[in-house]
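Participant: The structure under discussion is supplied below as structure tokens; questions concerning it will follow.
Any read-out appearing in this document is the output of simple, stated calculations on the displayed coordinates, not a laboratory observation. Everything numeric here is computed off the predicted structure, so don't read it as measured data. All Cβ positions, glycine included, derive from the backbone under ideal geometry; neighbour counts span all protein chains shown.
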Amino acid sequence: MTRPDDASTYADLLARLGDDGTKELFRRLLEDALQELIDAELAAQIGADRYQRSESRSNYRNGGRPRTLSTPAGDLELRIPKLKVARWAS
């Protein structure tokens, strides 16, 4: 859970990072980390990683939607996956 002062903490961190190259690196690392978390949560929910086959799964990946998340580090471009429920799943 986030706290009300988290945004100011991130803003202070970004101010201390210095040049734009370092800030861009931090933004890209944050973007990559969040995308990995989104993908890991999806894999846990459907019971299979990307391109992995499993008899017990009932959902499949069906592309994704691009979404922008605005943060103190800058705008993050994330891909939010869509799910397709298999008709033959019980």
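Participant: Just grab the label-to-label distance for L34 and A15, each label 7 Å out from Cα along the Cβ direction, in nm (one decimal).
Facilitator: 2.2 nm
Participant: Which cross-chain or sequence-distant (5 or more) residues have an amide H under 5 Å from the amide H of N59, H modelled 1.01 Å from N in plane?
Facilitator: Under 5 Å from the amide H of N59: A86.
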